[in-house]
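The values are calculated or read from the model by the stated rules, or taken from the named source; none is laboratory data. Being a predicted model, the structure only gives us computed values, none of them experimental. Here the Cβ is made from the backbone with ideal geometry for all residues, glycine too, and neighbour counts use every protein chain on show. SASA here: full protein model, heavy atoms, side chains in, ligands and nucleic acids out. Shrake-Rupley method; radii C 1.70, N 1.55, O 1.52, S 1.80 Å.
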Amino acid sequence: MSTENLTHLEAIKKIKELSESAKICMFCTELGTTPINSRPMSLQETDDEGNLWFISSDTSNKNFEIKEDRNVQLFFMNNSDYQYLSVYGEASIYKDKTTIEEKWSPMAKAWFEDGKDDPNVSIIRVEPSETYYWDTKAGKLVSLFSFVASAITGKTTDNSDGVEGKAHI
């Protein structure tokens, strides 16, 4: 696996690609406690500035925890394509109608009785400060052949079809 650190536009493109491909992450709060609190969250979008957006209930533990400590860690896994993304950043909670309207998804209605007009709807934005990614450039099939060939021949794989690195926005 080679290392390729990305900056600004390349970093945003990689974060957007990997997060939107995985779509679900483990959203972790209270990072200073053991064990850390985590829960699966569905990503609404990653915007053109690299911010990650989620819909959440304002009465959830996650929202209370963010109000106490804005530092969060997100872990995205797209196992089918061997793509992984770790995002550390600061979360902000929005309750204004404009942001809710802009980020609303019809799928979120399953959690909110009154849809986007539900008083408990909130939007969470995570602004990344440190990210790290792992991506198999050649895809799952080529990686699988590489590992199978290594197992048959007894030679170790150099896993040269993959890349990992920091993505600095």
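Restricting the search to the range 125-138, which residues are hydrophobic (A, V, I, L, M, F, W, C) and either in contact with a Cys (Cβ under 8 Å, 6 or more places away or on another chain) or open to solvent by less than 10 Å² (accessible area, probe 1.4 Å) (or both)? Before you say what the answer is, go through the steps one by one.
Residues of the range 125-138 hydrophobic (A, V, I, L, M, F, W, C): 126, 134, 138.
VAL126, the sole residue that qualifies.
Would you say PHE112 is of a type in the set (A, V, I, L, M, F, W, C) and assigned to a strand (DSSP E or B)?
Working: of a type in the set (A, V, I, L, M, F, W, C): yes; assigned to a strand (DSSP E or B): no.
Answer is no for this residue.
Could you grab me the full set of residues in the range 14-37 that are over 17 Å from GLU90 (Cβ atoms) and under 13 Å from the mean Cα position of the chain (by Cα)? Talk me through it step by step, then tell me what you get.
Initial filter on the range 14-37 (over 17 Å from GLU90 (Cβ atoms)): 14, 16-18, 20-24, 26, 33-35.
Those that are over 17 Å from GLU90 (Cβ atoms) and under 13 Å from the mean Cα position of the chain (by Cα): LYS14, LYS16, GLU17, LEU18, GLU20, SER21, ALA22, LYS23, ILE24, MET26.
Within the range 65-94, track down each residue that is aliphatic (A, V, I, L, M) and part of a helix (DSSP H, G or I).
At the first step, the residues of the range 65-94 found to be aliphatic (A, V, I, L, M) are 66, 72, 74, 77, 85, 87, 91, 93.
Listed by number, the list holds a single entry, ILE66.
Looking for whichever is of a type in the set (S, T, N, Q), surrounded by 14 or more Cβ atoms within 10 Å (Cβ to Cβ) and at pLDDT 85 or above here; the options are SER146, SER122. Which one fits?
Working: SER146 fails: at pLDDT 85 or above.
Of the residues listed, the single one that is of a type in the set (S, T, N, Q), surrounded by 14 or more Cβ atoms within 10 Å (Cβ to Cβ) and at pLDDT 85 or above is SER122.
ILE24 - would you say it is at pLDDT below 95 and among the hydrophobic types (A, V, I, L, M, F, W, C)?
Working: at pLDDT below 95: no; among the hydrophobic types (A, V, I, L, M, F, W, C): yes.
For ILE24, the condition - at pLDDT below 95 and among the hydrophobic types (A, V, I, L, M, F, W, C) - is not met.
Restricting attention to the range 72-81, does a residue exist that is in contact with a helix residue (DSSP H, G or I) (Cβ under 6 Å, 6 or more places away or on another chain), open to solvent by less than 60 Å² (accessible area, probe 1.4 Å) and in contact (Cβ under 8 Å) with a residue 40 or more places away in the chain?
Yes: one or more hits.
For the range 56-95, give me the residue count where each residue is under 13 Å from VAL126 (Cα atoms) and of a type in the set (Phe, Trp, Tyr).
Residues meeting the conditions: 3.
So, ASP81, is that one of a type outside the set (S, T, N, Q) and at pLDDT below 95 or not?
Numbers: of a type outside the set (S, T, N, Q): yes; at pLDDT below 95: yes.
For ASP81, the condition - of a type outside the set (S, T, N, Q) and at pLDDT below 95 - is met.
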